[in-house]
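Have a look at the structure below, then the notes.
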Amino acid sequence: MPDSAVPERAIPSRRRGTRPAHELILIADYGSQYTQLIARRIREQHVYCRIIPPQQLTVQRLRQERPTGLILSGGPASVYQDKAPLPPKEIFSLGIPVLGICYGMQAMAYRLGGRVQRAGKREYGKAVLSVTQPDGLFRGTKPEFVSWMSHGDLVKRAPPGFSINAETSNTAAAAMADSRRRLYGLQFHPEVAHTEEGGRILKNFLFHICHCRGKWTMRSFVKDAAARIRQQVGTNRVVLGLSGGVDSSVAALLLHKALGKQLTCIFVDNGLLRSGEGIQIKETFGRHFHLRVRYVDAAHQFLNALRGVIDPEQKRKIIGREFIRVFEAEAKQIRGVSFLAQGTLYPDVIESVSAWGGPSATIKTHHNVGGLPKRMSLSLVEPLRDLFKDEVRELGKLLGLPDELLWRHPFPGPGLAVRILGEVTAERLRIVREADERVTKEIRRSGLYRSLWQAFAVLVPVKTVGVMGDERTYEHVIAVRAVTSQDAMTADWAKLPPELLGRIANRIINEVKGVNRAVYDISSKPPATIEWE
Ligand code: XMP
């Protein structure tokens, strides 16, 4: 994907020579699996930071943005490799403090005249680190502590002006520093929880070396974001597809705060929602927060379009297509709309750049209205594109979003349609919806809801024999699925207590007409997926 397709957040104009309006740490991403973790750790200290691909680390950019500090991340490359991504040498003489981590340290050493070489033994995992100069990054740390290493190369000779200030049994230069120029390198990863003094080291960099004040809070974010939104949108009108998920809900509240009645939300009831969802949206956003919300009851349209369709991908396509139709028709009725808002988050935006410098660019875009802005010639407003998921929740809490919506499990765009195997009909929707309600209620009651990534019911397209009183029954099977996960990329089936599973099964079989059997799904992802379709 070309760079231009990934617009950076507009940088507020700053006059040259004035103090930046905000503290900003830039993190150049050389492809480490821990880069996002560095960003999280910094934001936890209430310092704003942004991740950029290495090609964007130019003297010109640094002069323009004037970051308070710079971090060079780790990465899989070796400085001697052909086309290894290296920072320009000049960035080290701009007076900006720089912290190089792992590959970042090696790149710094190499650029400034030190020597990097292959380690005799690849060091991976925990290593005891001895601090030989307890100042700078090591101010206040223990003299010896466990650090997390993951490297094949190491710095053999530090560049002129640097001293070595920590070692491990395998790595003589585990840390280096030129405190006069405020340049620092760490061979280990302070951002990883296994590094015992990692938090203190990062704090030392931020507060003692970069002199950050740590004033970036959600409150300040709301103020800045609202100002930015107003600047972008002016007096125009904005439309937002409200699904009731955390991201669109928080985006709606933030936009409402910034724009008031200029924002109209569209809530499409596609008939594939869980029990009570539509009512909850009306109550919360309409009555409580006084947002302008247009509710579109399009259940018939979706059901008609899905009639006779069995193939899961086909279902998804139809639902996506109908959604765009309904949304577009509704948005056209609002006069003067020129912006479409989306709840895109930071991890969706960060360009993951290959270690070789070329943008390998895996950018996830999973909005329901992907093609809409172009079709309707709308501009995009993405007020959450600087935030991580947990920050969005923090923001939602600050804006008053009720816990039930704030902590709601993810729900797929195609809704219950992908939890009904086979054809989607009104009757089958009733069954899965009623079963799902019981799964959720019992799990909430057990206090386990928040510890699970998702928990739901699936209608399996087979009937089994059962017995009710003296009669033989031949009815549907419900599969119960509950998983734990960090990010949905992998997931484990949840080891729910047998009593809870028993209660769920009893309620489904006794209370949902047409079901005589419930089973529990004990597959993990991979090789299974979370959803059944
Ligand atoms: P799978 O089933 O692939 O799901 O393990 C991973 C996560 O994504 C959700 N999911 C979807 N979300 N549209 C969505 O918006 C979809 O078509 C879709 N399919 C799966 C799923 O609920 C899980 O959280």
Filtered residue count, region 462-504, keeping only those that are more than 19 Å from Gly447 (Cβ to Cβ), more than 30 Å from the chain's Cα centre (by Cα) and of a type outside the set (D, E, K, R):
12
Residues of region 397-432 being within 19 Å of Ala298 (Cα to Cα), open to solvent by 10 Å² or more (accessible area, probe 1.4 Å) and within 16 Å of the ligand (Cβ to nearest atom), in sequence order, are Phe411, Pro412, Gly413, Pro414
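Is it the case that Glu313 is among the acidic types (Asp, Glu), surrounded by 13 or more Cβ atoms within 10 Å (Cβ to Cβ) and either at pLDDT below 95 or more than 18 Å from Val239 (Cα to Cα) (or both)?
So Glu313 fails the test.
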Would you confirm, using the coordinates I've provided, whether Gly75 is surrounded by 15 or more Cβ atoms within 10 Å (Cβ to Cβ), at pLDDT 95 or above and under 26 Å from the mean Cα position of the chain (by Cα)?
no
Anything in region 277-290 that is in a loop (DSSP other than H, G, I, E, B) and touching a residue at least 40 places away in the same chain (Cβ under 8 Å)? List them, or say none.
Phe289
How about region 468-493: which of its residues are farther than 25 Å from Pro410 by Cα and either within 16 Å of the ligand (Cβ to nearest atom) or in a helix (DSSP H, G or I) (or both)?
none
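Hey, does region 101-109 have a residue that's open to solvent by 10 Å² or more (accessible area, probe 1.4 Å) and either within 19 Å of Ser73 (Cα to Cα) or in contact (Cβ under 8 Å) with a residue 60 or more places away in the chain (or both)?
Narrowing region 101-109 to residues open to solvent by 10 Å² or more (accessible area, probe 1.4 Å): none.
No, region 101-109 has no match at all.
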With a cut-off of at least 1 residues that are within 23 Å of Ser523 (Cα to Cα) and among the basic types (Lys, Arg), name the helices (runs of 4 or more DSSP H) lying wholly within region 370-457.
426-446
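Mind counting the residues in region 494-533 that are more than 16 Å from the ligand (Cβ to nearest atom), among the β-branched types (Val, Ile, Thr), outside any strand (DSSP E or B) and farther than 27 Å from Ile319 by Cα? Talk me through it step by step, then tell me what you get.
Filtering region 494-533 for residues more than 16 Å from the ligand (Cβ to nearest atom) gives 495-520.
So of that shortlist, the ones also among the β-branched types (Val, Ile, Thr) come out as 504, 508-509, 512, 515, 519.
Add one more test, that the residue is outside any strand (DSSP E or B), and what stays is 504, 508-509, 512.
After this cut, where a residue has to be farther than 27 Å from Ile319 by Cα as well, the list is 504, 508-509.
So the count comes out to 3.
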Of the residues in region 445-504 that are touching an Asp or Glu at 6+ places or on another chain (Cβ under 8 Å) and touching a residue at least 60 places away in the same chain (Cβ under 8 Å), the one that is most open to solvent (accessible area, probe 1.4 Å) is Arg503
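Among the strands (runs of 3 or more DSSP E) confined wholly to region 155-272, which include 2 or more residues that are crowded, with 19+ Cβ neighbours inside 10 Å and more than 27 Å from the chain's Cα centre (by Cα)?
Numbers: elements: 163-167, 175-178, 183-186, 237-241, 263-269.
Answer list for region 155-272: 163-167, 175-178, 183-186.
Are any residues in region 37-61 of a type in the set (A, V, I, L, M) and either assigned to a loop (DSSP other than H, G, I, E, B) or crowded, with 19+ Cβ neighbours inside 10 Å (or both), and if so, which ones?
Pass one, region 37-61, residues of a type in the set (A, V, I, L, M): 37-39, 42, 47, 51-52, 57, 59.
Scanning region 37-61 gives Ile38, Ala39, Ile42, Val47, Ile51, Ile52, Leu57.
Would you say Glu196 is modelled with pLDDT of 95 or more and in contact with a Lys or Arg (Cβ under 8 Å, 6 or more places away or on another chain)? Reasoning before the result, please.
Details: modelled with pLDDT of 95 or more: yes; in contact with a Lys or Arg (Cβ under 8 Å, 6 or more places away or on another chain): yes.
So Glu196 passes the test.
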For region 291-324, enumerate the residues that are among the charged types (D, E, K, R) and in a loop (DSSP other than H, G, I, E, B).
Arg307, Asp311
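The values are calculated or read from the model by the stated rules, or taken from the named source; none is laboratory data. The model shown is predicted, which means the values in this text are computed figures rather than measured ones. FYI the Cβ positions are ideal-geometry reconstructions off the backbone, even for glycines, and counts take in every protein chain you see. For the accessible areas, the whole protein counts, side chains as well, though only heavy atoms, and no ligand, DNA or RNA atoms are used. Shrake-Rupley method; radii C 1.70, N 1.55, O 1.52, S 1.80 Å.
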